[in-house]
Each structure stands twice: as C-alpha cells, then as structure tokens.
Amino acid sequence: MFEFIDFFLSGDYKIRTLANRLGAEFVSLKSIPSVMATMQGQYRLFRQEANMRAPFFSEMNARAKIAYESTSDSDTAIANMYDAEYGGDVGPHYAYLNSLLNIEGFEIITGISRSDVKSLNIIDLGAGSNELLRFLRDELKVPSENLAGSDISPASRDLIAKDGFAAYVGRTELLPIAPESYDVSFLSYFVDYDTNQHATFDSAIKMTRSGGKVVLEGLFPCTSFGLLPKDRETLKFVTKGESAADDIELVAQDFIAIGESFGRKVQVERICVGERYVYSHFGLVQLPSYFLTLSV
C-alpha cells in the first residue's frame, strides 16, 4: 500500500501518465531484477575503484576546474573539461554504466532485438568514453564498420577512433554526415550540457533514416548546470528545468514538431526510467537516467 502511494506521489507516476498521453510505453528499469543486478554488480566494482583512487579524484577535480574555466565559451569549456577526463598525461579515467550496457536492457529500451541490431548502422552522439560502441561491437556483435561516434571533446574523438570506429568531433549540426545515414542515433546524456538543444534534435532526426530510431538518454529536469552562467542566462533552451516529466514532454514535443517541419512523423515509442553510475573526477556518482525512444 505504501509503495503504491510513494509511486503515485513520485515523478515516475507523472512520467507514466505522460507516456500514456503520448501513446508510448512506460518502463521502470529499476523494477527489472536482471538489469538491476548487472548495474549493482558493476556499481560495487566502481565503488572499490573509487575508494582506492580517492586522492586522484581530488587532483583531477582541480585539473577539470582549470580546464573548464579557461575559456568564456560553454562549448569549448565543456570540451576542455572532458578532454581532461578522456585523455591528458594520465590517460582515460572516466567510465559510466547505464541499462543500455546490458543486452536485456538494450532490447527493452530500444525495442531492437539482439539479432536485428547486427545489421544496423548506428551512431552514438556524445559517445564520451565510448562504452556504448564497444558494447555494441563486443556483446551484440555489431560490425565495427556499422558503428560511429561523435563528441564535442577531441580527446573523446581520439578514443573512439582508437577503438576502431568512425569518429567525429564537434556540435551535432556541424558534423559532415549525410542525411539518413543511420538506422539508429543515440543522444547520450548531454542535453544538460547542450547550448542548442533544438539544433541537436533537428540534426539527429535528419541523420537518421525515415522509419529509424532516435534514443535520447537524459538527466531531467534539465537545469543546464554544466554551462557557463552567462549562457544559462541568455541562451534559449527547449527544456525549462521544472520537473522531469515536464522536460521530457518538452523534448518530445520539440522532436515531433521538427519532424512535422520536414514531413516526417515522429512517434514516442517508449519512456524508460533508470539510473546511471558515473565514475569521474567527482568520484563515483549515482544519477537518474531517463530514456526517450522515438521512431522518426
């Protein structure tokens, strides 16, 4: 009884209601034992590593802060900060785990079976430390030549290329990618760092074939805390940072409107609620994770 009341009062209830209104499926990944067992097992490994390297995190926090504050442009500041994470004189020291990095979780979130994914062309926009592309190749057996990644961080681009995938660097709308190049485009947990969310969503649809999928993972509500203060105050954002459900609806509405603007029907297939573990210069952090899967 109390669990039901807690769910009713929670943001998950509002997101389930939103999914129903959009004609989409709602999935709580936290209620799927096999997915959560994988997440919790990896979390324990991350925690052990974090405890062993605590002084190192303090050093890296200082380095990332210097990199972030070395410019007056948010995109460059963010690239500098993640260059410090993904490269530098000590090499990569950033990792994350989400429910996509689990075969069952991947199938649930995307609606794509492990057998069908092998023939698809896929790009990970905001690939970061490149866990998703390696998972697609190593666990789901997608050929490397079918996979590509991009990031605003040059160090991430170098890591993607080193791992054997097509690699791009820069804002999504500026990438030299032909329309309808990919069957699936992932937008990987960077909407809160995005200085032009609308342009990113527009580009993701354009580079995805008609009838393909865009899968967005985000931290909602989106407060754009990762941007420099001047940009948080002056730039126009799709999201408003009021609540997770409100921001997810605003993102969904923007995707739908963009599709309509060039004659493509965008449908929200699924909204999934889960968690993300991030191992970075901040130490080990557990964050909310929301997946929005759209057919475009």
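Residue count for region 19-38 under the criterion of being more than 21 Å from the chain's Cα centre (by Cα) and either in a loop (DSSP other than H, G, I, E, B) or buried (at least 17 other Cβ atoms within 10 Å of the Cβ) (or both): the result is 2.
From the list Ser188, Ser129, pick out the single residue that is at pLDDT below 95 and in contact with a strand residue (DSSP E or B) (Cβ under 7 Å, 6 or more places away or on another chain). Walk me through how you get there before you give the answer.
On the way: Ser188 fails: at pLDDT below 95.
Residue meeting the stated conditions: Ser129.
The set of residues in region 60-73 that are in contact (Cβ under 8 Å) with a residue 40 or more places away in the chain, surrounded by 12 or more Cβ atoms within 10 Å (Cβ to Cβ) and of a type outside the set (A, V, I, L, M, F, W, C) comprises Asn61, Arg63, Asp73. Can you find a residue in region 124-135 that is within 15 Å of the chain's Cα centre (by Cα), open to solvent by less than 10 Å² (accessible area, probe 1.4 Å) and without any contact (Cβ under 8 Å) to a residue 40 or more places away in the chain? Within region 124-135 (the criterion being within 15 Å of the chain's Cα centre (by Cα), open to solvent by less than 10 Å² (accessible area, probe 1.4 Å) and without any contact (Cβ under 8 Å) to a residue 40 or more places away in the chain), the answer is yes, since at least one residue qualifies. Just one of the listed residues (Arg114, Arg137) is farther than 29 Å from Phe26 by Cβ and among the basic types (Lys, Arg), namely Arg137. Among the residues of region 172-186, are any surrounded by fewer than 23 Cβ atoms within 10 Å (Cβ to Cβ) and part of a helix (DSSP H, G or I)? Yes. Within the set Arg209, Arg157, the sole residue that is crowded, with 17+ Cβ neighbours inside 10 Å and among the basic types (Lys, Arg) turns out to be Arg157. Quick one: would you say Gly226 is in contact with a Phe, Trp or Tyr (Cβ under 9 Å, 6 or more places away or on another chain), under 15 Å from Tyr290 (Cβ atoms) and open to solvent by less than 30 Å² (accessible area, probe 1.4 Å)? It is false that Gly226 is in contact with a Phe, Trp or Tyr (Cβ under 9 Å, 6 or more places away or on another chain), under 15 Å from Tyr290 (Cβ atoms) and open to solvent by less than 30 Å² (accessible area, probe 1.4 Å). Considering every residue within region 192-201, establish whether at least one is open to solvent by 10 Å² or more (accessible area, probe 1.4 Å), assigned to a loop (DSSP other than H, G, I, E, B) and without any contact (Cβ under 8 Å) to a residue 60 or more places away in the chain. Yes, the conditions are met somewhere in region 192-201.
The values are calculated or read from the model by the stated rules, or taken from the named source; none is laboratory data. Given the structure is predicted, the values throughout are model-derived calculations rather than measurements. With ideal geometry, Cβ positions are generated from the backbone for all residues, glycine too; neighbour counts draw on all protein chains shown. These area figures cover heavy atoms from the full protein model, side chains too; ligands, DNA and RNA do not enter into them. Shrake-Rupley method; radii C 1.70, N 1.55, O 1.52, S 1.80 Å.
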